[in-house]
Amino acid sequence: MHRIVSLLPAATEISAALGLMDHVVAVSHECDFPKEANERPRVTHCPIHNAGLTSRLVDEWVRRALCDNGTIYVIDELLLRELRPDVIVTQRLCDICAVGYGTVAKLAQTLPGPPRIVNLEPTSLAEIFDDIRRVADACNARERAEKLIVNLFERVENVRERAATIPDRPRCFLMEWVDPPFCSGHWGPELVEIAGGRDSLGRKYQSSSQIEWEQVLDASPEIIVLALCGYDIERARRDYELLRRFPGFGSIPAVRSGQLYAVNASAYFARPGPRIVDSLEILAGILHPTEFPEFVSRGPADPRVVRIG
């Protein structure tokens, strides 16, 4: 069977969902789900991972590191050679999210084999499902992939069909970063749309981008969801305190009505794997709690989503 090295959390989750976790011999420093991932050696490192920096300092460090070095990650080449992988799963979507594809491809050519490189580069929900097939095809697990995708697709259609009957489509701002402000991109606006909302600031199927705070004020969102890239709910709560100090914050309809939520974007929204459908269901519970009561936050201790407004 194949020896798999996963260089991004979504790939690890896809491998696990396909029943391939026993063949995953190493993961990235960010892979933490399922729990078995934490038992695998880690072949990547990022100097600021869990360093406790503010969002502004993280943004500045990332921009500087990409400019100076072209990457923000370090690969343990010696360990990778020792593991002798048959398949390495990486991505070309975002240099901030994981080790760049070019770096991995160049290194792979020097490894025994050499290993097959599987590139994940989704910008939409459909492409996330295609990536599941891509990993499965590299590991001879296509039948498992089709069963998994059928289940995920049925859950998506359940939300889509029910939301389509709701006439009210609230203005929703899915926020990907606070300081500086970033809108959501790629599949984020698509999820809002399927769940029955409108995100005029989002960049569907495109990279997220920095925006001016005045654009948020002008959009006048009725609901704000803090889906901060790589952050869990606790970390999002801290950035909410920053957000509260932005000029005009209290005038936003979402703030006046207490419709502001923090989600665990690290586990859900920012990971284009099977749990992206959980993200859709979370949004449905936020946007239309009466119509989707099964997805509504279970309170302050809910690990998925909490209301903070």
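Points worth noting:
- The mean accessible area for residues of the chain, using a 1.4 Å probe and ignoring ligands and nucleic acids, is 45 Å² per residue.
- Report summary: the helix-based calculation at 222 nm, which adds -39500 (n - 2.57) for every DSSP H run with n ≥ 4 and divides by the residues of the chain, gives -11500 deg cm²/dmol.
- The chain: relative contact order in percent, alpha carbon pairs under 8 Å with at least 6 residues between: 14 percent
- Between residue 234 and residue 39, full extension at 0.36 nm per residue minus the direct alpha carbon distance yields a gain of 67.8 nm.
- Residue 143 paired with residue 77, simple spin-label distance in nm, labels 7 Å along Cα-to-beta-carbon: 4.2 nm
- Note on residue 29: accessible area approximately 30 square angstrom, rounded to 10, probe 1.4 Å, nucleic acids and ligands left out.
- Evaluated at q = 0.12 Å⁻¹: base-10 log I(q)/I(0), Debye formula over Cα of the chain: -0.80
- Relative contact order of region 238-309, defined on C-alpha pairs under 8 angstrom at six or more residues apart (%): 33 percent
- Sequence of 86, 239 when ordered by accessible area, the most exposed leading, probe 1.4 angstrom: 86, 239
- Surface share of carbon and sulfur [accessible, 1.4 angstrom probe, percent] for the chain: 49 percent
- The accessible-area ordering, largest first, of the residues 117, 132 stands as 117, 132, per a 1.4 angstrom probe.
- Cleavage-rule hits (trypsin sites (Lys or Arg not before Pro)) in region 199-246: DSSP loop, at most 15 neighbouring Cβ within 10 angstrom: 244, 245
- For region 153-309, the fraction of C-alpha pairs more than 19 angstrom apart is 47%.
- Rounded to the nearest 10 Å², the accessible area of residue 211 at probe 1.4 Å: 10 Å²
- For residue 165, the solvent-accessible surface computed with a 1.4 Å probe is close to 110 Å², ligands and nucleic acids excluded.
- Between 126, 26, 284, the GNM of the chain built on Cα springs shorter than 10 angstrom shows 126 fluctuating the most.
- Computed over region 118-261, relative contact order equals 21 percent, with contacts defined as Cα pairs under 8 Å that lie 6+ residues apart.
The values are calculated or read from the model by the stated rules, or taken from the named source; none is laboratory data. It should be emphasised that the depicted structure is a prediction, and the values quoted were computed from it without experimental measurement. Note: ideal-geometry Cβ built from the backbone for every residue, glycine included; neighbour counts use all protein chains shown. Remember, those area values only see protein heavy atoms, side chains included, never the ligands or the DNA or RNA. Shrake-Rupley method; radii C 1.70, N 1.55, O 1.52, S 1.80 Å.
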